[in-house]
Amino acid sequence: MTTRRTPAADALTDLIIDVLRLNGLLMTAGDRMVARLGLTSPRWQVLRAIYDAERAQPVAWLARDMGGNRQNVQRIVNDLQKMELVTLEVNPHHRRASLVVLTDKGRQTYDEASRLQAPWANRLSENLAIKDIDTTRRVVAELRKRLELNGEQAST
């Protein structure tokens with residue numbers, strides 16, 4: 001039995017392929033942008049998650065908020081700790097799940113990465129309509145929400 005995709009599913013599939021290609025290009029661009037800071041795109045992403053958190057969080061929460069894998073985030077946090085960009089503090093609610101905290105050096109490094117990113121983002125967004133960017137972001141956010149809520153995984 002052959003199952004055919006709907007026209008909307010065809011359009012979504014094309015979007016997914018484009019997003020995956022874009023992700024690769026963004027990771028490469030990010031790596032180049034922050035290399036002189038000793039960062040990679042994944043390290044920068046984890047710094048951002050720590051920076052954006054309202055309070056110190058354990059690795060598992062950071063991974064959840066990022067939509068990432070706990071083991072991968074832990075590996076990156078270990079790298080950031082060796083670089084003295086983060087420190088681990090005692091979690092009063094869970095002895096084994098330390099809280100990840102930016103150091104002053106980590107905050108300065110994140111701020112410098114942000115300064116490097118601003119002109120790049122300005123150039124990249126040139127001549128794009130804000131309403132189009134907002135619409136795209138809403139669609140991506142909705143897809144992410146559906147995948148998170150349903151625990152969607154490809155079935156074979």
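The values are calculated or read from the model by the stated rules, or taken from the named source; none is laboratory data. Since the structure is predicted, the reported quantities are computational estimates derived from the model, not experimental observations. Neighbour counts run over all protein chains shown; Cβ positions are idealised from the backbone, glycine included.
Per this entry, Arg4 is counted among residues that are exposed (fewer than 10 other Cβ atoms within 10 Å of the Cβ), among the basic types (Lys, Arg) and under 26 Å from Asn150 (Cα atoms). The lone criterion from (1) more than 17 Å from the chain's Cα centre (by Cα); (2) in contact (Cβ under 8 Å) with a residue 24 or more places away in the chain; (3) outside any helix (DSSP H, G or I) left unmet by Pro92 is number (2). Scanning for something farther than 23 Å from Ile133 by Cβ and in contact (Cβ under 8 Å) with a residue 40 or more places away in the chain, does region 45-54 turn up at least one residue? Yes, the conditions are met somewhere in region 45-54. Consider Leu62 carefully, then state whether it is surrounded by fewer than 15 Cβ atoms within 10 Å (Cβ to Cβ) and within 16 Å of the chain's Cα centre (by Cα). No. Ser114 meets each of the listed conditions (1) small (Gly, Ala, Ser); (2) exposed (fewer than 12 other Cβ atoms within 10 Å of the Cβ); (3) within 17 Å of the chain's Cα centre (by Cα) apart from (2). Can you name the number of the only condition in (1) more than 28 Å from Leu15 (Cβ to Cβ); (2) exposed (fewer than 10 other Cβ atoms within 10 Å of the Cβ) that Ala129 fails? Status for Ala129: all satisfied but (1). With respect to the conditions (1) of a type in the set (Gly, Ala, Ser); (2) modelled with pLDDT under 95; (3) farther than 30 Å from Leu15 by Cα, Gly106 lacks only one, and its number is (2). The number of residues in region 9-66 that are of a type outside the set (A, V, I, L, M), under 15 Å from Val77 (Cα atoms) and not in a helix (DSSP H, G or I) comes to 4.
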